[in-house]
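One structure is given here, and the rest of the page talks about it.
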Amino acid sequence: MSTLNSVLGWIRRNERRLASVVFVAGFAGDLLTFTLLDLSFANLVFVAYLTLAAVATFLSHTISSRFDTEDAVWRRVLAVLAPLAAQYAIGALLSGILIFYTKSATLAVSWPFIAMLALVFLGNEVFRGYRAHLAFQTVLFFFTLYAYAIFALPLAIGEIGPWIFLGSTALASAAFMAFLGLLAWVGWERFRKTIRLIAVSSAGVVAVLVLCYFTSIIPPIPLTLRDSGIYHNVQHTKEGYVLLAEEERPWGEFYMPMTIHRAPGTPLYAFSAVFAPGTFSTVVAHEWEWYNPDTKKWVRQSLVAFPLSGGREGGYRGYSQIDGARPGSWRVSIQTPSGQVIGRIRFEVVETLTGPALHTELR
């Protein structure tokens, strides 16, 4: 018994260091899980983390509200381990969500949402002293539950769109309210002190994520861009897509917009390969925009949409073309019908009297 008490006391005194070790292990595990495993397995891992976070938070709240932790060994053990388990699960959820959302994000468009995820994740690691507070723990749980629902419902239905997002909002909110009802039932006095803070903070989470979605900041998960480029010709053959491309740029210029040399009277083609789960179907659009140096605004020149069917590992392939692309800065946004950007191609058009040297690529 004295040994157990010593161990429990040591865990309490070293909670901050232990949480750091748990964080590193959880982040490394998430890095492998959400980049190497199949999407359906990654989905199961998310469910397991959410279950662990809910159960651990419930046990921690129940023991603190209803029992004297000194009158039974198992209660003392749970009083120490349950909060740590909840912290681990929520931290793992945040890191997994950050990794998963980043895979589907175009940083030029979705960086505010990714930055918000990173700040929440870092806050969960830095402000450890507040985790024992019921409001902090439950609101973080709601944030991870909501972020999970945003991609879980489209994955289950096989579609994305505003109504699917609102359905995810409703499901996450309903599940969270049921969870709060359970916490209130087992420990009303402790819960009553934080209910207003929980309600206001949770409403703030909903408001921010709804704003992020309808301003197209949230990336269109589970869609991810596997390949894209600007070409001088695209042909669909039995072997695949045959692309005529200019010579590849030096590796040191990968961060710069590509330069496309266009001879008069020749069109340009945008090619993309977008990955989606096997049961997924939606519409993908190529929006061609030219940068007007006088107004300093991007001006739409063309919008071409085509259906997408999921299941191909290399992504569903499609292309669009534009005639008479004027010289200057261009971009092609590969996006959903609601305007969420899956990927973006930036390039400069330069007119030449003769066409550039081209080589053939097969996709």
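Exactly one condition in (1) under 30 Å from residue 282 (Cα atoms); (2) polar (S, T, N, Q); (3) surrounded by 20 or more Cβ atoms within 10 Å (Cβ to Cβ) is not met by residue 202; state its number.
(1)
Of the residues that sit in the range 278-306 and are farther than 20 Å from residue 228 by Cα and polar (S, T, N, Q), which one is surrounded by the fewest Cβ atoms within 10 Å (Cβ to Cβ)?
By that ranking, first place goes to 295.
Restricting to the range 172-186, count the residues that are surrounded by 16 or more Cβ atoms within 10 Å (Cβ to Cβ) and farther than 15 Å from residue 58 by Cβ.
The number of residues fulfilling the criteria is 2.
Identify, from the list 314, 318, the residue that is within 15 Å of residue 269 (Cα to Cα) and not aromatic (Phe, Trp, Tyr). Walk me through how you get there before you give the answer.
Values: 314 fails: within 15 Å of residue 269 (Cα to Cα).
The match here is 318.
Could you grab the pairs with beta carbons closer than 8 Å, sequence gap of 6+ or different chains, first residue in the range 307-325 and among the acidic types (Asp, Glu) and surrounded by fewer than 21 Cβ atoms within 10 Å (Cβ to Cβ), second one modelled with pLDDT of 85 or more and not in a strand (DSSP E or B)?
Once the first residue is among the acidic types (Asp, Glu) and surrounded by fewer than 21 Cβ atoms within 10 Å (Cβ to Cβ) and sits in the range 307-325, its partners that are modelled with pLDDT of 85 or more and not in a strand (DSSP E or B) give 323/267.
Tell me the helices (runs of 4 or more DSSP H) entirely within the range 139-243 that contain at least 2 residues that are free of Cβ contacts under 8 Å to residues at least 60 places away in the same chain and β-branched (Val, Ile, Thr).
Helices (runs of 4 or more DSSP H) meeting the threshold: 162-186, 195-214.
Can you pull out the residues in the range 335-363 that are in contact with a His (Cβ under 6 Å, 6 or more places away or on another chain) and open to solvent by less than 50 Å² (accessible area, probe 1.4 Å)?
Those that are in contact with a His (Cβ under 6 Å, 6 or more places away or on another chain) and open to solvent by less than 50 Å² (accessible area, probe 1.4 Å): 352, 356.
Any chance the range 224-235 includes a residue that's under 30 Å from residue 144 (Cα atoms), open to solvent by less than 10 Å² (accessible area, probe 1.4 Å) and in contact with a Ser or Thr (Cβ under 7 Å, 6 or more places away or on another chain)?
No, every residue in the range 224-235 fails to be under 30 Å from residue 144 (Cα atoms), open to solvent by less than 10 Å² (accessible area, probe 1.4 Å) and in contact with a Ser or Thr (Cβ under 7 Å, 6 or more places away or on another chain).
Among the numbered criteria (1) open to solvent by 70 Å² or more (accessible area, probe 1.4 Å); (2) under 24 Å from residue 357 (Cα atoms), which single criterion is violated by residue 259?
Of the numbered conditions (1) open to solvent by 70 Å² or more (accessible area, probe 1.4 Å); (2) under 24 Å from residue 357 (Cα atoms), the odd one out for residue 259 is (1).
The values are calculated or read from the model by the stated rules, or taken from the named source; none is laboratory data. On a predicted model such as this, the values are computed, not experimentally measured, just so you know. Glycine also receives a Cβ, built like all others from the backbone with ideal geometry; neighbour counts cover every protein chain displayed. Heavy atoms of the whole protein, side chains included, go into the accessibility calculation; ligands, DNA and RNA do not. Shrake-Rupley method; radii C 1.70, N 1.55, O 1.52, S 1.80 Å.
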